[in-house]
Each structure stands twice: as C-alpha cells, then as structure tokens.
1. Which residue pairs have Cβ atoms closer than 7 Å, lie 6 or more positions apart in sequence or on different chains, and pair a first residue in the range 50-77 that is hydroxyl-bearing (Ser, Thr, Tyr) with a second residue that is in a helix (DSSP H, G or I)?
2. Could you please tell me which pairs satisfy a Cβ distance under 7 Å, a separation of 6+ or placement on different chains, a first residue in the range 1-13 that is on the phi > 0 side of the Ramachandran plot, and a second residue that is at pLDDT 90 or above?
3. Can LEU19 be described as assigned to a helix (DSSP H, G or I), aliphatic (A, V, I, L, M) and out of contact with any helix residue (DSSP H, G or I) (no Cβ under 9 Å at 6 or more places or on another chain)?
4. Residues ILE12, ILE8: which one is under 29 Å from PHE236 (Cβ atoms), modelled with pLDDT under 90 and part of a helix (DSSP H, G or I)?
5. So, in the range 167-185, of the ones that are exposed (fewer than 13 other Cβ atoms within 10 Å of the Cβ) and among the polar types (S, T, N, Q), which residue ends up modelled with the highest pLDDT?
6. Report, by residue number, each residue of the range 135-149 that is of a type in the set (Val, Ile, Thr) and assigned to a helix (DSSP H, G or I).
7. Residues in the range 212-262 that are crowded, with 17+ Cβ neighbours inside 10 Å, more than 20 Å from ASN77 (Cα to Cα) and modelled with pLDDT under 85: how many?
Amino acid sequence: MPGFIISIITGILFVTGALAVVFSCYALARRVLAPGAEGDRTHDAAGTIAVRIAALHGLILALVYAQELDDYKGIRNNLMEESVAIADVYNDAGRYGGPLVVPVQEGLARYLMLVVGEEWEMLGHRKGLSSKAWAEWDGVYDRLLDLTPATDRQRYLAERMRNRITEVARFRQIREQTAGGGFSGLFWGPALIGLALLAIPFYVYRPTRTHLFLLSIFGAYSGVILFFIFAFSNPFEQPGKLEPRPFLNLLEGDIGKSLPPD
C-alpha cells in the first residue's frame, strides 16, 4: 500500500507540474504577444507551428517511452530466467549428490536472501550490486568448478550447473546496468521545453472555459506520459518498483528450507 500511495502522489505531482508549465507559458504568451487581427492568418501560422512541434515532441516521448517499457519488461523477464537458473542449479546439485549438495544449496539460499533483503534496496538507490551477494555467488561457482565427476551423469550435471550459474552472473550485470542508467537533462530538457513550446501557440485563443479545459487535457495527459516514463526508468525504485517475486517464490519453496538456522 505505501508503494501505491507514493505512485499516486508522484503521478499527481507530474500532472500538476505539466499543467503549471502549460498554463504559465500560455499566460506569458498572452501577455507578451498580440493575438493578431482577423485576416492576417495568425491563427493559421500558430496552428501549423503547433502541429510541427507536437510531431517532434510526440516522437521523442514515444521513442523514450517504448525504450523504457522494453527495458522494464526485459528486467522482469531476466528475473524469471534467473530464478529458473537458480532452481536448476539447486535441483541438479541434489541429483549430483555427495558433499556438494549442502554447501551449494545453502549458498544459493543465502544468495537469494541477500538479493531480496539487501540488494534490491541498493539498486533502488543506484548503489550497485551487493558485494555479499557476489561473495555467495562466487562461493557456489568455486564449488562447482572444483567438481571431479566420475560418471557421464555427473559430467553432464557438472557442466550444466556451471553454465547455469554463469547465466546468473550475466543477469546480475544486466540488472546493475539497468538500475544505473536513469535519465539526464538530455531527455528532461527537450521534454519540458517541448511542452512549453506547444503551449505558446495557443495564445491566439481567448481564455474561455472551453479553451482552458482543452489546455488542461493536453497538460494532464502530457504529465501522465512523463510520469510513466519516469516510473519505468528505474524498475527497482518507486513509483515503478518491480518486486522480486520470482526470488520470493523460490524462498517460499524448497530453497528457503535450505537456509541454515540462525
């Protein structure tokens, strides 16, 4: 519930900010510029310019929105694939047998606990990956590298576990790069400038109830789009925080039972 409330508040702030930009620029243009007399085609010129600015502004927002949504979905898919890889290593260790089973399975359980309990918050604050989680991963990897399989079954399982655990490292690095990406003025500058420039051509219309309502729709929807772009920019932070549900599901199952008692 707190996350939902934060999302609502952030969304309202974005919409309010967009409305403030639109009406401020509209009011300033009404004060500085003359609406123009009938017959001088001021309305036509304003409409043409507004359409061209809108096309460029919409293109920028659409491209960035699509990219951020794709990255968000990619991280969600990576979480599922990483959880499957961890489950594969956990189950294959049991099939391999011997002294390997307990340390590998406990290491994977501790790794998941650290990712869920520590690393997720670090990623949300753009502090990178947990060194403790890396240490647990490294411990599991070293144990798998030290395997000396004696049968074809063990050789297959050993190779499979090594491949799957290296995939976990790759997913971790992708997660870190996504969390550290974010936006800079290279996007927010053009986005806000475009919003302001789009509001200026409307100065030719008197501030009637209808015109103000239409401007409100334009500003509010622009704020909503900017909010969703912001929300998708970091999947590990509110308001668009992606919960590590696949990892939590593993901890609620057999892997969670492998955690050593406190």
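1. Every condition considered, the pairs that remain are TYR65/ILE225; TYR65/PHE228; TYR65/ILE229; TYR72/PHE232.
2. none
3. Details: assigned to a helix (DSSP H, G or I): yes; aliphatic (A, V, I, L, M): yes; out of contact with any helix residue (DSSP H, G or I) (no Cβ under 9 Å at 6 or more places or on another chain): no.
Spelling it out, it is not the case that LEU19 is assigned to a helix (DSSP H, G or I), aliphatic (A, V, I, L, M) and out of contact with any helix residue (DSSP H, G or I) (no Cβ under 9 Å at 6 or more places or on another chain).
4. Numbers: ILE12 fails: modelled with pLDDT under 90.
Going through ILE12, ILE8 in turn, just one is under 29 Å from PHE236 (Cβ atoms), modelled with pLDDT under 90 and part of a helix (DSSP H, G or I): ILE8.
5. Residue satisfying both the conditions and the ranking: GLN173.
6. Taking the range 135-149 as the starting set, the residues that turn out to be of a type in the set (Val, Ile, Thr) are 140, 148.
Residue satisfying the conditions is VAL140 alone.
7. Of the residues in the range 212-262, 1 are crowded, with 17+ Cβ neighbours inside 10 Å, more than 20 Å from ASN77 (Cα to Cα) and modelled with pLDDT under 85.
Condition check ((1) over 30 Å from PHE202 (Cα atoms); (2) over 21 Å from the mean Cα position of the chain (by Cα); (3) in a helix (DSSP H, G or I)) across all residues:
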{"position": "LEU28", "(1), (2), (3)": "no, yes, yes"}
{"position": "TYR72", "(1), (2), (3)": "yes, no, yes"}
{"position": "VAL89", "(1), (2), (3)": "yes, yes, yes"}
{"position": "ARG110", "(1), (2), (3)": "yes, yes, yes"}
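The values are calculated or read from the model by the stated rules, or taken from the named source; none is laboratory data. Quick caveat: nothing in here was measured; it's all calculated off a predicted structure. Don't worry about glycine lacking a Cβ; one is built from the backbone with ideal geometry, like all the others, and counts go over all protein chains shown.
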